1. Hey, can you tell me all the residues within the range 104-130 that are under 24 Å from PRO175 (Cβ atoms) and surrounded by fewer than 23 Cβ atoms within 10 Å (Cβ to Cβ)?
2. Report, by residue number, each residue of the range 103-117 that is within 28 Å of GLY200 (Cβ to Cβ) and out of contact with any His (no Cβ under 7 Å at 6 or more places or on another chain).
3. Can you confirm whether THR144 is among the polar types (S, T, N, Q) and out of contact with any Ser or Thr (no Cβ under 9 Å at 6 or more places or on another chain)?
4. Looking only at the range 11-34, decide whether some residue is touching a residue at least 12 places away in the same chain (Cβ under 8 Å), closer than 16 Å to PHE223 by Cα and touching a Pro at 6+ places or on another chain (Cβ under 8 Å).
5. Among the residues that make up the range 199-218, is at least one of them within 19 Å of ASP137 (Cβ to Cβ) and more than 16 Å from the ligand (Cβ to nearest atom)?
6. Name the strands (runs of 3 or more DSSP E) wholly within the range 149-231 that hold at least 3 residues that are open to solvent by 10 Å² or more (accessible area, probe 1.4 Å)?
Amino acid sequence: MLIEKLELVRTRITQACNQAHRDPKTITLLAVSKFHSSTAIKELTNAGQSDFGENYVQELVHKQAELAEFNLRWHFIGPLQSNKCKEVARCADTLHSLDRIKLIEPLARYRPAHLPPLKICLQMNIDDEESKAGIKDWKTLVDTAESVLQHEQLTLCGLMTIPKATHTREEQRKPFAQLRYWRNELEAKLNLSLPVLSMGMSADLEAAIQEGATIVRVGTDIFGARPQKNT
Ligand SMILES: *Cc1c(COP(=O)(O)O)cnc(C)c1O
């Protein structure tokens, strides 16, 4: 059942790639497992899924330990507080939601020496929504990127966004095109390659792929509706 849903999402990715004349191998499907059990994650590993995304630090720590034998890549995609940087630095392969300079020093300090550098995407608030996290302006983006580059324990990979929900494909594409624009500007400014665009979820992954997504983050369409958080 879970595997069938995973296959459906893989098919959507392939079809979107065909339409956009892109190679499906250039897209990583991140299965967003927040609120879902380690058992469900284990089931997906049988179908070759190895990238999983979590929004809450406690869940990340718990599942990473429980599933250590499976050699999975964990992505932290939720809001991060400075007192939780240590856990993310220890458990994650990639942090998608860096939006404040304050977090950078503790992330670098706590990244264990035996692990490769923590991959970093900077989160942009494209729609300028008050309620959402993310960097809103060019200067903050450049300052934050330059600060990440000062730490060899961190690797700056690209940008991430969570746009507000819209309904037509055309509307969905706009914020994704905007994120790609910021990425291109930042590459030019810093004179380095930032290959990752983390954008697109269950409802809009096709639009994101059309605009150049390299990581799509899919929860609902793989795992079904999320159970209520019981804390
Ligand atoms: C929950 C979440 C997702 C997955 O969203 P779905 O609509 O369930 O696919 C993707 N990205 C982030 C940052 C999330 O918090």
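The values are calculated or read from the model by the stated rules, or taken from the named source; none is laboratory data. All values reported here derive from a predicted model rather than from experimental measurement. No Cβ is skipped: glycine too gets one built from the backbone with ideal geometry, and neighbour counts run over all protein chains shown. Areas reflect the complete protein model, heavy atoms only, side chains present, ligands, DNA and RNA absent. Shrake-Rupley method; radii C 1.70, N 1.55, O 1.52, S 1.80 Å.
1. Residues satisfying the conditions are LYS119, ASN125, ASP127, ASP128, GLU129, GLU130.
2. Within the range 103-117, LEU103, LEU107, ARG111, LEU115, PRO116, PRO117 qualify.
3. Numbers: among the polar types (S, T, N, Q): yes; out of contact with any Ser or Thr (no Cβ under 9 Å at 6 or more places or on another chain): yes.
It is true that THR144 is among the polar types (S, T, N, Q) and out of contact with any Ser or Thr (no Cβ under 9 Å at 6 or more places or on another chain).
4. Within the range 11-34, none of the residues are touching a residue at least 12 places away in the same chain (Cβ under 8 Å), closer than 16 Å to PHE223 by Cα and touching a Pro at 6+ places or on another chain (Cβ under 8 Å).
5. no
6. Values: elements: 154-161, 196-198, 215-218.
The qualifying strands (runs of 3 or more DSSP E) are 154-161.
To keep it simple, each residue is scored yes or no on (1) within 14 Å of the ligand (Cβ to nearest atom); (2) of a type outside the set (Val, Ile, Thr); (3) over 12 Å from ASP99 (Cα atoms).
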position: GLY134; (1), (2), (3): yes, yes, no
position: LYS139; (1), (2), (3): no, yes, yes
position: GLU146; (1), (2), (3): no, yes, yes
position: HIS151; (1), (2), (3): no, yes, yes
position: THR161; (1), (2), (3): yes, no, no
